[in-house]
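The values are calculated or read from the model by the stated rules, or taken from the named source; none is laboratory data. Every value quoted in this text rests on a predicted model; they were computed, and no experiment measured them. All Cβ positions, glycine included, derive from the backbone under ideal geometry; neighbour counts span all protein chains shown. Heads up: the accessible areas ignore ligands, DNA and RNA and are worked out on the full protein's heavy atoms, side chains in. Shrake-Rupley method; radii C 1.70, N 1.55, O 1.52, S 1.80 Å.
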Amino acid sequence: MKYFLLIILLIFSTKNLFAKEKIIAKIPEASGIVYSQKSNTLFVVNDEGSIYEITLEGRLLREKKLGDFDLEAITIDEENNRLLVANEKKDEIIILNLKKFSIIKQMKIKGKYKGNKIIKKGKDGIEGLTLYKNKIYASNQSNKPYPKEDSSVIVILDYKDKKKLEIKDIIDHGYKDIAGLCFYKDYLYLVSDKGNLLIKYDIKLKKVIKEYKLSKKYAQEGITFDKHNNLYIADDKGKIIKMKFNE
């Protein structure tokens, strides 16, 4: 009986989770998004190798073609005025100067963890990226379970002054096709594209706290939150979606 009531409560809360959803910008094949507290703006990347800066209302401030890259995710290092973007083509993370959008360096990810090949060449690669307490968290889009391939969140330690990035840990959350992730109020949020789910994960307790159903009309590729409790989704169909996060 208690379990039945819990399910009913979860369905009710999920139904009322999001309100006043709206499209604020049109960006072709938007694949990653991050919020900057310093500038109070959003940075977006797409599959065609371009980066954009837009206001929270969607007005375009800057745009630059970085190169022949398949950019799938973006995160920010506010302290050092840097952006980190994932290039799926080469399984690398590109470090950018935040002010100029110029490339500082390109860092390959070592694809092995405890002797197992996690990121395979020519396969689905890094899709999500976030920086939290000097650690890089990245999601691998593989649909095969670890250790054959890994669809979990990969933890890569401090990226500074390193030539190659090593996988140091894996968060085995049990979900597949994680296309985007970010930290908000010290919780890790993940988005499953195929599952149309937003997942709240407690990294201290090492478990999922909640999951929220997203609309099937989305092709969510990236997520971020601003300081006003708004959630932004980078939609691969070419739009940026903004909605109030009523948890």
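Which residues does the label zone of residue 99 cover in segment 44-63, counting backbone N under 18 Å from a point 7 Å along Cα→Cβ?
53, 62-63
Calculate the spin-label point distance for residue 169 paired with residue 68, positioning each point 7 Å from the Cα along the beta-carbon direction, and give it in nanometres.
With each label point 7 Å from Cα toward Cβ, the separation is 3.9 nm.
Would you kindly find the accessible area of residue 228, with a 1.4 Å probe and non-protein molecules such as ligands, DNA and RNA excluded, rounding to the nearest 10 Å²?
My reading of the accessible area for residue 228 is about 90 Å².
Can you give the extra length, in nm with one decimal, that the chain gains between residue 134 and residue 194 once fully stretched, where that is 0.36 nm per residue apart less the Cα-Cα distance?
Stretched fully, the residue 134-residue 194 segment lengthens by 18.6 nm.
At 7 Å along the Cα-to-beta-carbon direction for both residue 79 and residue 117, put a label point, then send me their distance in nm to one decimal.
About 3.6 nm separates the two model spin labels.
Taking 23 Å as the cut-off for C-alpha to C-alpha distance, list the pairs among 65/244; 38/64; 168/239; 22/90 that go past it.
Pairs exceeding the cut-off: 65/244; 168/239; 22/90.
With a 1.4 Å probe and every protein chain left in place, tell me how much accessible area residue 88 has, in Å² to the nearest 10.
30
Residue 106 to residue 217: extension gain in nm, 0.36 nm per residue of separation minus the Cα-Cα distance?
Value of the extension gain: 36.5 nm.
When the solvent-accessible surface of protein heavy atoms is calculated with a 1.4 angstrom probe, in what order do 235, 169, 68 fall, highest first?
Highest to lowest solvent-accessible surface, that is 68, 169, 235.
Taking 7 Å along the Cα-to-C-beta vector as the label spot, tell me the residue 206-residue 186 distance in nanometres, rounded to one decimal.
Each label point is offset 7 Å from its Cα along the Cβ direction, giving 1.9 nm.
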